[in-house]
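Peer 1: Structure incoming, see below.
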Amino acid sequence: MSTTALDNHTQFQSIVGQIRTLAYKYIEDKDFVSAQLAFQKLLELDPKDINARFIYAQLIDDGSHKKRAEARDMMLAILDEHPEIFNDPSEGNLHLIRSAAVRCSHVGPFTRSMELFRKLARASNQAADYFSLSEILTQGNEFEEAVAALEKAIQLNPAYDNPINRETLELARSNAKKGKAKDVKARAKVGRYPETKDFLGDLQTLITSHIAVNLAAAPKFLDKSTRFFTMGSCFARNLSKSLNDSGYSSHHMEISEYINTTFANRVFVDWLRDAKINPEIEERIVELLPPGSSKWSTLTAIKQADVFILTLGVAAAFFDRETGAFVLPRPSALNSRALAEKYKFRTASVQENVDNVLYLIDFIRSIKPGIKVIVTVSPVPLLTSFEYESVVQADCLSKSTMRLVAHEVVNNSNLPDIWYWPSFEVFRWGGSNASSFFAADDGAAWHVSEDKVAATVRAFVQTFSPA
C-alpha cells in the first residue's frame with residue numbers, strides 16, 4: 001500500500017471512529033433520533049459492522065408493522081451471515097437472537113420465530129425464554145412441546161409456578177385425554193360489481209364510487225376541529241392513528257386485542273359506570289388498561305369527542321360452561337388453548353351482540369348526548385378458533401355475524417346520527433381483487449397495510465366533509 005493510500009485509509013478509519021463514538025454517545029444521552037442518523041451514516045461507511053447493524057435495526061423499529069419487519073430482516077440477515085453467533089451464548093448474541101425471535105413472533109414468520117426461540121432457550125437456559133417459546137409454539141400448534149417449554153420455565157424459575165400456569169398445565173394434561181366438543185350452530189340495493197380496473201385503480205375512488213357509494217348523501221360534519229373517540233379491535237387503533245396522522249384529534253381506547261368482543265366492551269362499560277361486575281373480570285380490566293388510562297381519563301375523552309367510532313372485532317368469546325356467563329381469560333396463547341376445555345368457546349349470536357352494542361352506545365350517549373356514531377367491522381381475521389377446525393370458516397362466520405350486527409344496529413334500531421363505514425368490505429373485497437391490502441408491510445397475512453388504511457381514512461373524511 002502506498003503512503004498516500006495508507007494516509008487515506010488512516011483518515012477514513014479516523015472518520016469512521018469519530019462517527020462511531022458520536023453514535024454511541026447519542027445512545028448514552030438517549031438522543032435516539034440523532035443516534036439513528038449517526039448509525040445510518042456509520043453503516044454507509046462500514047456496512048459490515050455487526051454491532052452497528054443490530055443497534056440501527058433496534059432504532060428504526062417504531063412499533064409499526066412496516067418498520068418492525070424492516071428491523072426483523074436486518075437482524076435475520078446478521079444471523080444468516082454469521083451462524084457462529086448461535087454457538088457463542090454471550091449476552092450480546094443472546095440479545096440479538098431474542099430480538100429477532102420476538103419480531104418474528106409479532107410480524108412473522110412464526111416458523112422462524114419458533115426456530116429462533118428453540119435455539120435461544122437451549123442457549124440461554126432462562127425461564128423467560130422458555131416461556132416465550134411455549135407461547136409461540138402454541139400459535140404454531142406445537143401443543144405438547146409448548147407444555148414442555150412451560151414446565152421447563154417453571155422448573156428454572158419458581159416465579160413461573162403461579163396459579164395461572166399451574167391451572168394451564170393441569171388443563172393441558174387433561175386435554176390430551178379428551179376430544180374437543182363442537183357446537184353445531186338486508187336488503188341489497190341494485191348496484192353493479194366493480195370491474196377489475198376499478199379494483200386495480202385508485203383506492204379512494206373505488207371506496208367512494210363503489211363501496212361507500214350509499215353514503216354520498218350523508219351529512220357533512222367533519223372538519224379539523226372534529227374530535228374522535230375510537231374503541232374496539234386493533235383495526236380501530238389503526239384508524240385512530242391514521243386520523244391523527246391526517247391532522248385530526250383522535251383518542252383510541254384499547255384494552256387488549258385478546259378481548260375485542262362486544263361482551264368485553266359491555267363489561268368495560270359496566271366498569272366505567274361503577275356497576276357491579278365479576279371481581280375477576282374487574283381485576284382483568286384494570287390489569288389490561290393502557291398505561292396512564294383510568295375511568296376518569298376515559299370518561300373525559302368521551303365527553304370531549306364529537307364522533308364515536310366503534311370497530312366490531314370478533315363474534316366468538318369464552319363463556320362459563322355451567323352458567324353461560326361471559327369470562328375473560330388471561331391473554332396468553334397457551335393458557336387460552338388450555339382454558340378452551342374449561343370454558344366454552346362459541347360464536348355469539350347476532351342478537352346477543354346487537355344487545356351489547358346498543359348497551360354500549362346508550363352509555364356513550366349518556367356521557368355525551370348527540371355524539372355521532374360510526375360503526376365499522378374490522379377486516380383483521382380471527383387467528384385462532386377453539387370451536388371449528390377451519391379458522392378460515394370460523395372467521396367467515398364471525399365476520400358475517402358482526403357485519404349483520406352492524407347492519408341491525410345502524411339500520412333497524414331507530415338510532416339517530418349513526419352510520420356504517422364499510423372498512424371490512426374495502427379490505428376483504430378490495431383485497432380479494434387486488435394485491436397489497438394485507439401483508440404488504442411485514443409479510444403477515446392477517447395485518448392490514450398502512451397505506452390502504454390511510455386511503456380508507458381519506459375516503460371517510462371526503463365522504464363526511466363539506467366539499
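The values are calculated or read from the model by the stated rules, or taken from the named source; none is laboratory data. What you see is a predicted model; the values in this text were computed from it and never measured. Virtual Cβ from ideal backbone geometry, glycine too; neighbours counted across all protein chains shown.
Peer 1: Tally time: how many residues in the range 361-415 are within 25 Å of Lys295 (Cβ to Cβ), surrounded by fewer than 20 Cβ atoms within 10 Å (Cβ to Cβ) and among the charged types (D, E, K, R)?
Peer 2: Looking only at that region, the number is 3.
Peer 1: Could we say that Leu312 is touching a Gly at 6+ places or on another chain (Cβ under 7 Å), closer than 30 Å to Pro219 by Cβ and of a type outside the set (Lys, Arg) here?
Peer 2: Yes.
Peer 1: Hey, among the residues in the range 283-293 that are within 11 Å of Met253 (Cα to Cα) and not small (Gly, Ala, Ser), which one's surrounded by the most Cβ atoms within 10 Å (Cβ to Cβ)?
Peer 2: Leu289
Peer 1: Spot the failing condition for Arg98; the list is (1) over 21 Å from Leu133 (Cβ atoms); (2) among the charged types (D, E, K, R); (3) part of a helix (DSSP H, G or I), and only one is missed.
Peer 2: Failing condition for Arg98: (1).
Peer 1: Here's another thing I want to ask about it. Which of the residues belonging to the range 380-432 are among the aromatic types (Phe, Trp, Tyr) and over 29 Å from Gln139 (Cβ atoms)?
Peer 2: Trp419, Tyr420, Trp421 - these are the residues of the range 380-432 that are among the aromatic types (Phe, Trp, Tyr) and over 29 Å from Gln139 (Cβ atoms).
Peer 1: Taking the range 116-150, which residues are small (Gly, Ala, Ser) and in a loop (DSSP other than H, G, I, E, B)?
Peer 2: Matches in the range 116-150: Gly140 only.
Peer 1: Among the candidates Ala439, Ala454, single out the residue that is in contact with a His (Cβ under 9 Å, 6 or more places away or on another chain), of a type in the set (A, V, I, L, M, F, W, C) and either assigned by TED's automatic domain parsing to the domain that holds Leu200 or more than 30 Å from Thr300 (Cβ to Cβ) (or both).
Peer 2: One residue alone meets the criteria, Ala439.
Peer 1: Being modelled with pLDDT of 90 or more and in contact with a Ser or Thr (Cβ under 9 Å, 6 or more places away or on another chain): is that true of Thr456 here?
Peer 2: no
Peer 1: Identify, from the list Phe86, Phe39, Phe54, the residue that is of a type in the set (A, V, I, L, M, F, W, C), over 24 Å from Arg118 (Cα atoms) and out of contact with any Ser or Thr (no Cβ under 7 Å at 6 or more places or on another chain).
Peer 2: Result: Phe39 is the single residue among Phe86, Phe39, Phe54 that is of a type in the set (A, V, I, L, M, F, W, C), over 24 Å from Arg118 (Cα atoms) and out of contact with any Ser or Thr (no Cβ under 7 Å at 6 or more places or on another chain).
Peer 1: Scan the range 294-330 residue by residue and report those that are within 30 Å of Ser465 (Cβ to Cβ) and either surrounded by 15 or more Cβ atoms within 10 Å (Cβ to Cβ) or at pLDDT below 85 (or both).
Peer 2: Answer for the range 294-330, where residues must be within 30 Å of Ser465 (Cβ to Cβ) and either surrounded by 15 or more Cβ atoms within 10 Å (Cβ to Cβ) or at pLDDT below 85 (or both): Thr298, Ala301, Ile302, Ala305, Asp306, Val307, Phe308, Ile309, Leu310, Thr311, Leu312, Gly313.
Peer 1: Just checking, which of Phe427, Phe363 is in contact with a Lys or Arg (Cβ under 8 Å, 6 or more places away or on another chain), at pLDDT below 90 and aromatic (Phe, Trp, Tyr)?
Peer 2: Phe427
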